[in-house]
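Contents: one structure, followed by commentary.
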Amino acid sequence: MAESRGRVEDRQLRAAYRHIYTNGTSFIRPEKFQRTLTTHDLKVEPKAANVAGLQLADLLAYPVKRACLAECGRLSVKPGTFGARVVQCVQDRFNRRLGTGEVKGYGMIWLPVSKKSVDPAWEKAIEGMKPIRIIPRKERGHP
């Protein structure tokens, strides 16, 4: 389940979900997604539905994303106290390379790795779709 962002963005997200469900990724075979995910179609709910699970996911995912960006040098600010605690709680769940326990390249991967690694079927699935721009909360009138 995901939170709606707009008609075009929702369509892009559903296409991406279907593609991964059907084709997998460069790292994970489609059968694993099909065994793990409960449906081949992504449910999208409006923010007004205030789904508790989505609120919790936002609360936990944001600090982890910021920590990953900071670790890779894409963000200069480390997470605050709450964010650091969230990261501490979930870091054992990151995929790791067998033998070395390394996370980078295994549990923390920035995609696409290279232009050559982009799946042509994925390119076809998103063909003609406009890139999305994420509008900061301040620009949307939120504090």
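Quick notes on this one:
- Looking at the stretch 51-111, the pairs of alpha carbons with a distance over 16 Å make up 50% of the total.
- Leading residue at positive end of dipole, the stretch 51-111 (Cβ point charges), from Gly73, Val103, Ala52: Gly73
- Pairs exceeding a 29 Å alpha-carbon distance, out of Lys32/Lys104; Lys43/Lys78; Lys43/Lys104; Lys32/Lys78: Lys43/Lys78; Lys43/Lys104; Lys32/Lys78.
Values quoted throughout were computed directly from the atomic coordinates according to the rules given, and no laboratory measurement underlies them. Here the structure is a predicted model, which is why all the values come from computation and not from measurement. Neighbour counts are summed over all protein chains in view; Cβ atoms, including those assigned to glycine, are modelled from backbone coordinates with ideal geometry.
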